[in-house]
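**Student:** Attaching a single structure in structure tokens format; questions to follow.
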Amino acid sequence: MSRVSFRAAGAALAGVVAAALIAATPALAHHSFGSYNMTVTRVVTGVVTRVNPDANHLQIFFAPMAENRKNVLRDSQGNPVIWAVEMGGSAQMAREGVSVDSFPPGTIFSVGLHPLRTSDSVGTRGMSGAIYKCPWRKPPAAGKHCDSVEGSVEIGTGGLLKPTG
């Protein structure tokens with residue numbers, strides 16, 4: 001191969017690599033956690049109200065339980081306060097054991113989440129930490145989370161994230 005051919009091949013390869021990087025940039029930006037405060041972790045135990053199985057990000061909507069674990073938090077009108085945790089895509093989460101069928105309304109679970117910078121009641125599980133699902137209708141003891149309940153199910157790895165911030 002001549003020097004000109006090597007240069008042409010190198011230039012073509014550089015062009016392909018540049019095009020691939022440009023095409024990948026929106027995908028990377030889409031999966032950014034920039035809107036979440038990743039330096040703060042809230043550990044919450046709540047009762048599922050619904051699951052939104054969006055293809056890009058499955059979301060669990062839930063009512064946080066009071067510290068006594070006998071009821072859920074309520075607003076000034078007596079309505080349950082609703083939070084949401086965003087996770088990976090529905091297919092990925094189903095492989096881990098989180099789906100509409102496995103988390104029906106009434107399911108009690110605990111999760112460590114990183115709140116949105118604009119709201120403490122919406123967060124992401126991020127890329128680490130486990131979710132703990134309590135046995136049906138068996139909440140944890142006062143001040144505890146589902147990881148302390150005999151028969152709870154761990155989904156994911158790394159244990160329950162520790163609260164920070």
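**Student:** Based only on other Cβ atoms within 10 Å, what is the fewest-to-most ordering of Asp147, Asp54?
**Tutor:** Ranking Asp147, Asp54 by Cβ neighbours within 10 Å, fewest first, gives Asp54, Asp147.
**Student:** Scan segment 54-155 for chymotrypsin sites (Phe, Trp or Tyr not before Pro) in coil per DSSP, keeping those whose Cβ has at most 15 other Cβ atoms within 10 Å, and list them by number.
**Tutor:** Within segment 54-155, the qualifying chymotrypsin sites (Phe, Trp or Tyr not before Pro) (loop, at most 15 other Cβ atoms within 10 Å) are Trp136.
**Student:** Filter the GluC sites (Glu not before Pro) in segment 45-108 down to the DSSP loop ones having no more than 14 other Cβ atoms within 10 Å, then list what survives.
**Tutor:** Glu67
**Student:** Further question on the same structure: Subtracting the Cα-Cα distance from 0.36 nm times the residue separation, let me have the gained length for Ser128 to Asn56 in nm, one decimal.
**Tutor:** Roughly 24.2 nm would be gained on extension.
**Student:** Follow-up question, since we're still on this one. So, in nm, how far is label Gln92 from label Val43 when the simple model puts each one 7 Å beyond its Cα toward the Cβ?
**Tutor:** The modelled label-to-label distance comes out at 2.4 nm.
**Student:** For Lys138, give me every one of the aspartates and glutamates with a C-alpha distance below 18 angstrom, ignoring sequence neighbours fewer than eight places off in its own chain.
**Tutor:** Within the straight-line cut-off, Lys138 pairs with Glu67, Asp147, Glu150, Glu154.
**Student:** Show me the trypsin sites (Lys or Arg not before Pro) within segment 65-95 that DSSP assigns to loop and that have at most 14 other Cβ atoms within 10 Å of their Cβ.
**Tutor:** Here the sparse-neighbourhood loop sites are Lys70.
Where a number appears in this text, it was derived from the coordinates with a stated rule and is not lab data. What you are looking at is a predicted structure, and each value in this text was computed from that prediction instead of being measured. Note that each Cβ is placed from the backbone with ideal geometry, even for glycine, and that neighbours are counted across all protein chains shown.
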